[in-house]
1. Which numbered condition in (1) of a type in the set (Phe, Trp, Tyr); (2) at pLDDT 95 or above; (3) under 30 Å from Asp5 (Cα atoms) is the only one that Tyr215 fails?
2. Within the stretch 159-177, identify whether any single residue is in a helix (DSSP H, G or I), open to solvent by 80 Å² or more (accessible area, probe 1.4 Å), modelled with pLDDT under 90 and within 17 Å of Phe73 (Cα to Cα), and answer yes or no.
3. Could you check the stretch 1-107 for helices (runs of 4 or more DSSP H) lying wholly inside it with 1 or more residues that are farther than 19 Å from Ala117 by Cα and in contact with a strand residue (DSSP E or B) (Cβ under 8 Å, 6 or more places away or on another chain)?
4. Report, ordered by the first and then the second residue, all pairs with beta carbons closer than 7 Å, sequence separation of six or more or different chains, a first member in the stretch 116-130 that is assigned to a helix (DSSP H, G or I), and a second member that is open to solvent by 60 Å² or more (accessible area, probe 1.4 Å) and not acidic (Asp, Glu).
5. Of the numbered conditions (1) closer than 21 Å to Ala103 by Cα; (2) buried (at least 16 other Cβ atoms within 10 Å of the Cβ), Lys15 satisfies every one except a single condition; which is it?
6. Limited to the stretch 131-145, what total is found for residues that are among the basic types (Lys, Arg) and assigned to a strand (DSSP E or B)?
7. Does Tyr198 fit the bill of being of a type in the set (Phe, Trp, Tyr), over 17 Å from Pro145 (Cβ atoms) and out of contact with any Ser or Thr (no Cβ under 7 Å at 6 or more places or on another chain)?
8. Hey, among the residues in the stretch 42-80 that are under 9 Å from the mean Cα position of the chain (by Cα) and at positive phi, which one's most open to solvent (accessible area, probe 1.4 Å)?
Amino acid sequence: MDLNDILKSTSLELKHDKDGLYLTDNIVKLRADLVEMAPRLKKGVLDTELLVRAAKIKKTDHALTAIDATAGFGQDSLLLAAAGFSVKLYEKNPVIAALLEDALNRAKECPELKDAAGRMELAGTDSIEALKALNKAPDVIYLDPMFPKRKKSALIKKKFQLLQQLETPCENEIELFEVALAAQPRKIVVKRPAKGAYLADRRPSYSLAGKAVRYDVFVLNHNYSE
């Protein structure tokens, strides 16, 4: 479905105000915002981010590339871009892609973010088909399937309830992971709940865990070592 068809099938609308594009049910507003990420990109802070540590590639003589196959609102992609990766973002839902594009445009006007945002390229397409069509392997493929829905909806913030009208937790995670493997990046990094099951039931090379999330790292190039 295209953007208009998706919105017609929900109670949601896309609107503009002085701060840009937002999604609303006329009660709650949801806006993609990368500018709020600025404090996390500062020197000495960025290197402590678990995702940056998980994606890090040592001993390279070329510009690093990454694919975010599940871009969402692009915050994780921004961390990778700030760490030096040129990042291709795939987001197949046209409503979320529109919100993300608006956020990227605003980020490129922010002095603290413009360099990193300039290394981010959004494609509003299905990542599985895009990964199948790659003609060159990236250094890193990042996968962040939506976490399973919680049983108690009261625990879910209102703004994420809006998102859940648009997208559901990943239902084709096995195919997504297998396509990422077939693309042969140097690493696949998968974001999971801290105590969640492995994606597609595949054990990683190693994991980096925080209180709420865990990054499972699959090192695919056997000539490459950490």
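The values are calculated or read from the model by the stated rules, or taken from the named source; none is laboratory data. Predicted model only: the values in this text are computed from it and were never measured. All Cβ positions, glycine included, derive from the backbone under ideal geometry; neighbour counts span all protein chains shown. Remember, those area values only see protein heavy atoms, side chains included, never the ligands or the DNA or RNA. Shrake-Rupley method; radii C 1.70, N 1.55, O 1.52, S 1.80 Å.
1. (3)
2. yes
3. In the stretch 1-107, 3-8, 50-55, 94-107 are the helices (runs of 4 or more DSSP H) which contain 1 or more residues that are farther than 19 Å from Ala117 by Cα and in contact with a strand residue (DSSP E or B) (Cβ under 8 Å, 6 or more places away or on another chain).
4. Ala117/Lys108; Ser127/Lys92
5. (2)
6. Residues in the stretch 131-145 being among the basic types (Lys, Arg) and assigned to a strand (DSSP E or B): 0 in total.
7. It is false that Tyr198 is of a type in the set (Phe, Trp, Tyr), over 17 Å from Pro145 (Cβ atoms) and out of contact with any Ser or Thr (no Cβ under 7 Å at 6 or more places or on another chain).
8. Gly72
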